[in-house]
Amino acid sequence: MIQFERFQLENGLKVLVHKDASTPMAVVDILYNVGARDEDPSRTGFAHLFEHLMFGGSVNIPDYDEPLQRAGGENNAYTTNDLTNYYCQLPTDNLETAFWLESDRMLSLAFGEKSLDVQRKVVSEEFKEHYLNKPYGDAWHILREMAYTKHPYRWMTIGKELKHIEEAKLEDVKSFFFKHYTPANAIMVVAGNVDTPEVKALAEKWFGGIPSGNKYERSLPQEPLQTQERRMVLKKDVPIDALYKCWHMPARNEHGYYVTDLIVDILGGGTSSRLFQALVKEQKLFSNVECYHFGSLDKGLLAIEGKLVKGVKAEVAEAAIELVLDGMRQQLVEEKELQKVKNKSESLMAFEDMSLMNRANSLAYYELLGDANLMNQEMQQYNSVTPEQVKALSAALFAKENSNTLYYLSDKRI
């Protein structure tokens, strides 16, 4: 059970405090309720661009990293389609340094053509390196556009097109910042050997005077139910053939999410999983095969992908995948196999909770979901999943009309 206390400043900033007296370190985690799904379709990649800009210095602090390092701290950040998270860890004695740094860039991020130009080039190079010039790098750009016709999950966090980043204007960047990077749109978690009164005093001192801004209310286009399978064959200059399949799955706050998560582990959770055993070990159709999902807040995607053994036809490999899925659709999973993946989920959660940073991050995330205490109820959700639920959801999930398939084939030029 992860214990925490919660309070809210008058400007809307939610603050959670998690005390752990066993460590000399403290974590300050700030989650902004903005991700790639909140972007203008003609100006994508801004949430990720901001992750870079936020480390470029603020009006009063030209270099974010230097004072944090002097205080014995380290920091990082990440952006998803749903959220943006900034976190730092430092000795508890220097906790106020983190409040000073985070509050200043929330209040007065340094906007300038020079800073924007530098980060625009960094992100553009990242786009080219990982998504344009890397073999199979564009696969998920293609799959997202195939699977989603309306919802902004159509584009990846890096952005839909390189030119959206290359052509980003300073006024567009400022507008995005002042719309989303506000106390009313943020959750802060402070974890470590800290007391709530101390955290409250620091929060009031450093964040209390920041204007609240308008709480962002989403009105995203909803993805219509997919009623027909979608397929594509792509030939590119890649070493070997690859196969990608994905299906729409329940949203993060639905019970079906937990059922899906266990299905993913049954199918792809390591070398003892059904897909690996059947397709890699026994039939030797794939050199590797993975099953995973994105855990999106709105309805997301479950995916199976793998590289084919040379000489194996994509049609043969796909038929073999469908045979494995038939086992999920038509037969009840044995209690022993289901309990095994439940135990694995429990072990993973316990391992993650060992890290103070992970606990702080999770508290912020579950507060975004609606209540940080949800993280203490996760195993109840997993344990309540039955073989009948696994079979029923597998039948709906892996229905042909819910599928999106990409044959990513080598054109043999290499």
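The values are calculated or read from the model by the stated rules, or taken from the named source; none is laboratory data. Treat the numbers as computed from the prediction; the structure is a model and nothing was measured. Reconstructed Cβ throughout: ideal geometry from the backbone, glycine too, with neighbour counts over all protein chains shown.
Observations, loosely collected:
- Of the residues contained in segment 372-385, one or more are found to be over 29 Å from residue 244 (Cα atoms) and touching an Asp or Glu at 6+ places or on another chain (Cβ under 6 Å).
- For beta carbons closer than 7 Å, sequence separation of 6+ or different chains, a first residue in segment 14-43 that is touching a residue at least 24 places away in the same chain (Cβ under 8 Å) and a second that is acidic (Asp, Glu) and crowded, with 18+ Cβ neighbours inside 10 Å, the qualifying pairs are 14/367; 16/367; 28/102; 30/102; 35/82; 37/82.
- Odd one out for residue 394 among (1) of a type in the set (Ser, Thr, Tyr); (2) surrounded by fewer than 20 Cβ atoms within 10 Å (Cβ to Cβ); (3) within 25 Å of the chain's Cα centre (by Cα): (2)
- Of the residues making up segment 95-124, those that are in contact with a strand residue (DSSP E or B) (Cβ under 8 Å, 6 or more places away or on another chain), assigned to a helix (DSSP H, G or I) and of a type outside the set (Phe, Trp, Tyr) are 95, 97, 98, 101, 102, 104, 105, 106, 107, 108.
- Filter pass, residue 38 being surrounded by fewer than 16 Cβ atoms within 10 Å (Cβ to Cβ), in the same structural domain as residue 190 (by TED's automatic domain parsing) and either modelled with pLDDT of 95 or more or in contact with a Lys or Arg (Cβ under 7 Å, 6 or more places away or on another chain) (or both): no
- Of all residues in segment 272-295, none satisfies being closer than 26 Å to residue 348 by Cα, in contact with a Phe, Trp or Tyr (Cβ under 8 Å, 6 or more places away or on another chain) and in contact (Cβ under 8 Å) with a residue 60 or more places away in the chain.
- Among strands (runs of 3 or more DSSP E) entirely within segment 209-301, having at least 1 residues that are buried (at least 18 other Cβ atoms within 10 Å of the Cβ) singles out 242-248, 286-293.
- Scope segment 326-341; condition more than 15 Å from residue 261 (Cα to Cα) and assigned to a helix (DSSP H, G or I); matching residues: 326, 327, 329, 330, 335, 336
- Selection of strands (runs of 3 or more DSSP E) fully inside segment 6-92 by the criterion of at least 1 residues being under 22 Å from residue 123 (Cα atoms) returns 25-32, 74-79, 84-91.
- Complete set of residues in segment 302-332 that are buried (at least 20 other Cβ atoms within 10 Å of the Cβ), closer than 22 Å to residue 140 by Cβ and of a type in the set (A, V, I, L, M, F, W, C): 302, 303, 304, 308, 317, 321, 325
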